[in-house]
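J.: Have a look at this one before I ask anything.
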Amino acid sequence: MTLAIKAGLLIDGNGGEALKNAIVLVEGETITAVGPADKVAIPADAEIIDASGKTVMPGLIDCHVHMMINSAALEDHLFTPKAVTYYQAAENLKRTLRAGFTTIRDAGEADAGMRQSLEMGLITGPRLVVSGKIGQTGGLMELRYPSGSQIVNQESWRICDGVADVRKTVRKVLREEVDFVKTFATGGVVAPQGSPFIPEWTLPELQVMVEEASRRGVGVMAHAESAVGVKNALRAGVTSIEHGYALDQEAIDLFLEKDIFLVATLHISKVVAQRQASLSEVSKRKKEQLLKAQAGWFRKACQAGVKVALGSDAFIADMHGANAVELELMMDTGGISAMKAITAGTKNAAECCLLGDKIGTLEAGKAADILLVDGNPLDDITVLQHPERIRVYQAGIPVEE
Ligand SMILES: [Zn+2]
């Protein structure tokens with residue numbers, strides 16, 4: 001069965017000029033042809049989808065989400081049974097897909113079982129890229145409080161130190177069939193100890209992570225909020241830097257030299273700054289310092305030509321399905337065009353997920369993850385924040401609304 005989508009305006013995800021009056025042909029799960037209406041012949045038996053009044057573009061990709069987290073408040077985590085988080089994730093996945101995000105990379109909780117459940121059709125959601133966490137003693141991952149109390153949980157085995165121990169722990173993470181290793185090259189705001197300004201891991205520890213992961217074709221995504229940690233992770237050759245809020249010129253130069261993605265997670269930064277209620281006093285102070293230090297750096301990185309990929313860091317309930325807000329924030333904060341922002345959420349994001357050969361652009365041979373948008377996001381990027389204005393095709397099949 002061939003689908004022929006008649007596009008009023010076509011954005012193919014590559015970042016070039018949009019094309020008026022184009023045709024996209026889809027055979028089963030795959031795109032077979034894309035081009036101007038006068039160059040692509042529609043087979044006689046094709047089912048025609050008339051999107052001549054709409055914008056047709058690739059399904060969006062969010063490189064940093066947390067499907068199993070709905071709150072920043074510690075109490076919520078402690079009082080939520082594991083099974084509940086899975087059912088919540090099922091709801092979050094559905095909302096995210098309906099919002100036009102056909103692929104997501106989960107930054108540490110969703111596992112290979114969730115990926116399999118999606119592939120089996122047990123639950124509905126985007127194509128899921130999963131990661132397994134690894135952290136150091138005294139770092140962001142370790143839930144140790146100023147009182148001396150420490151939360152020991154099913155993740156505690158992921159804390160390790162020294163090259164040999166890190167190597168072994170990465171190997172344990174890899175046996176969970178993850179697509180990425182997620183690690184922390186600096187502390188963070190919400191964690192009870194450490195700080196966004198304190199680097200975590202030594203360079204050799206980061207290097208051995210990359211070495212072990214890449215042997216299996218697995219990427220490394222590194223949480224890093226300030227310059228020293230960012231530079232350590234860049235030198236180690238990770239796939240992407242998550243957050244990268246407070247940079248310096250040397251970090252920008254290294255991004256360019258190493259050709260590594262910046263996933264700026266501007267949405268969570270804004271949400272945490274706005275809703276400080278759920279933060280501890282310690283976290284509030286850290287957030288204030290960070291906001292001062294990060295001013296202007298994302299714009300400088302964009303202007304210098306650092307590759308950016310869309311990532312919202314959705315871990316608050318109402319951020320799931322609101323992933324497209326990140327596009328608007330990238331434009332406002334980075335001073336980039338709507339087309340550049342869309343490319344960050346399509347082609348760049350696909351490459352950042354190590355799926356550049358399968359998804360991210362509307363081209364023959366790619367998966368038919370396609371959006372029909374009521375409106376022109378190049379004129380008004382916020383049309384993508386309205387799921388009711390987006391018809392989603394996932395691998396050639398229309399997603400139920
Ligand atoms: Zn995150």
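All of the numbers you see were taken from the coordinates with simple rules; none came from a lab. Just so you know, these numbers come straight off a predicted model, no measurement behind them. A quick note on method: Cβ atoms are made from the backbone with ideal geometry, for glycine too, and the neighbour counts reach across all protein chains shown.
J.: For every other residue with a beta carbon closer than 10 angstrom to the beta carbon of GLY8, add +1 if it is Lys or Arg and -1 if Asp or Glu, then tell me the sum.
T.: Working: positive: LYS6, LYS20, LYS54; negative: ASP50.
Every neighbour counted, the sum reads +2.
J.: I would also like to ask the following. So what is log10(I(q)/I(0)) for region 1-129 at q = 0.09 1/Å, when the Debye sum runs over its Cα atoms only?
T.: -0.38
J.: Follow-up question, since we're still on this one. Tell me the angle of helix 281-294 to the major Cα principal axis of the chain, expressed in degrees between 0 and 90 and rounded to the nearest ten.
T.: Approximately 60 degrees, to the nearest 10.
J.: Where in region 187-201 does the label zone of ASP76 land, with the point 7 angstrom along Cα→C-beta and an amide N cut-off under 16 Å?
T.: Those under the cut-off are 190-191.
J.: At 0.36 nm per residue, and after removing the present C-alpha to C-alpha distance, how many nm does the segment from GLU47 to ARG175 gain when stretched out fully? Display every interim value, and only then the final one.
T.: On the way: separation 128, 0.36 × 128 = 46.08 nm, distance 4.38 nm.
Gain in length upon complete extension: 41.7 nm.
J.: Round to the nearest 10 and give me the degree value, 0 to 90, for the angle of helix 203-215's Cα axis relative to the longest principal axis of the chain.
T.: Here the helix axis deviates by roughly 40 degrees.
J.: Would you mind checking which residues have amide H under 5 Å from SER52's amide H? H placed 1.01 Å from N; only 5 or more apart, or other chain.
T.: GLY8
J.: Can you list residues from other chains, or at least 5 along the same chain, whose modelled amide H is less than 5 Å from the amide H of ILE198?
T.: Here the answer is GLY187, since their amide H atoms fall under 5 Å of that of ILE198.
J.: When the Karplus curve 6.51 cos²θ - 1.76 cosθ + 1.60 is applied with θ = phi - 60°, which whole-Hz ³J(HN,Hα) does each residue of region 246-258 get, with x for Gly and Pro?
T.: These are the phi-based 3J(HN,Hα) values: 9, 9, 9, 4, 4, 5, 4, 4, 5, 3, 5, 4, 8 Hz.
J.: Using θ = phi - 60° and the Karplus relation 6.51 cos²θ - 1.76 cosθ + 1.60, list the HN-Hα couplings for region 299-316 in order, rounded to whole Hz, with x at every Gly or Pro.
T.: Calculated HN-Hα couplings, in order: 4, 4, 5, 5, 5, 6, x, 4, 6, 10, 10, 5, x, 9, 6, 5, 9, 10 Hz.
J.: Which of the three applies to region 232-386, rounded, prolate or oblate, going by the alpha-carbon gyration tensor with a ≥ b ≥ c and a/c under 1.5 meaning rounded? Walk me through the numbers on the way to the answer.
T.: Values: a/c = 1.82, a/b = 1.23, b/c = 1.47.
Oblate shape, in that a/c is at least 1.5 and b/c is the bigger or equal ratio.
J.: Relative contact order, percent, of the chain when contacts are C-alpha pairs under 8 Å separated by at least 6 residues? Walk me through the intermediate numbers first.
T.: On the way: 935 pairs, mean separation 83.4, N = 401.
Relative contact order comes out at 21 percent.
J.: Can you list the aspartates and glutamates whose alpha carbon is less than 14 Å from that of LYS300, not counting same-chain residues fewer than 8 positions off?
T.: Once the sequence-local aspartates and glutamates are set aside, what remains near LYS300 is ASP248, GLU250, ASP253, ASP332.
J.: Let me ask something else about it. What number comes out for the charge environment of TRP157, summing +1 per Lys or Arg and -1 per Asp or Glu over other residues with Cβ under 14 Å away?
T.: On the way: positive: LYS133, ARG158, LYS168, ARG171, LYS172, ARG175; negative: GLU142, GLU155, ASP161, ASP165, GLU176.
Around TRP157, the surrounding residues sum to +1.
J.: Let me ask something else about it. So who's got an amide H within less than 5 Å of the one on ALA99, skipping anything under 5 residues away but keeping other chains? H placed 1.01 Å off N, in plane.
T.: Placed amide hydrogens put nothing under 5 Å from ALA99.
J.: Follow-up. Output wanted: per-residue J couplings in Hz (rounded whole) for region 327-333, from phi through Karplus 6.51 cos²θ - 1.76 cosθ + 1.60, θ = phi - 60°, x for Gly and Pro.
T.: Once rounded to whole Hz, the list reads 4, 5, 5, 4, 5, 5, 7.
J.: Below 18 Å, Cα to Cα, which lysines can LYS172 reach? Residues fewer than 8 away in the same chain don't count.
T.: LYS133, LYS182
J.: Kindly provide the pair-distance distribution of the chain built from C-alpha pairs, with 20 Å bins from 0 and whole-percent values in order of increasing distance.
T.: 29, 57, 13, 0
J.: Within a 10 angstrom radius of the beta carbon, how do CYS63, CYS353, CYS160, CYS302 rank from fewest other beta carbons to most? All intermediate terms of the calculation are to be shown ahead of the outcome.
T.: Details: CYS63 33, CYS353 27, CYS160 20, CYS302 23.
So the residues, fewest neighbours to most, are CYS160, CYS302, CYS353, CYS63.
J.: Suppose only helical runs count, i.e. DSSP H with n ≥ 4. What mean residue ellipticity at 222 nm does that imply for the chain under -39500 (n - 2.57) per run, divided by all residues and rounded to the nearest 500 deg cm²/dmol? Provide the component values of the computation, followed by the final result.
T.: Details: 13 runs with 130 residues, N = 401.
Counting only the DSSP helices, I get -9500 deg cm²/dmol.
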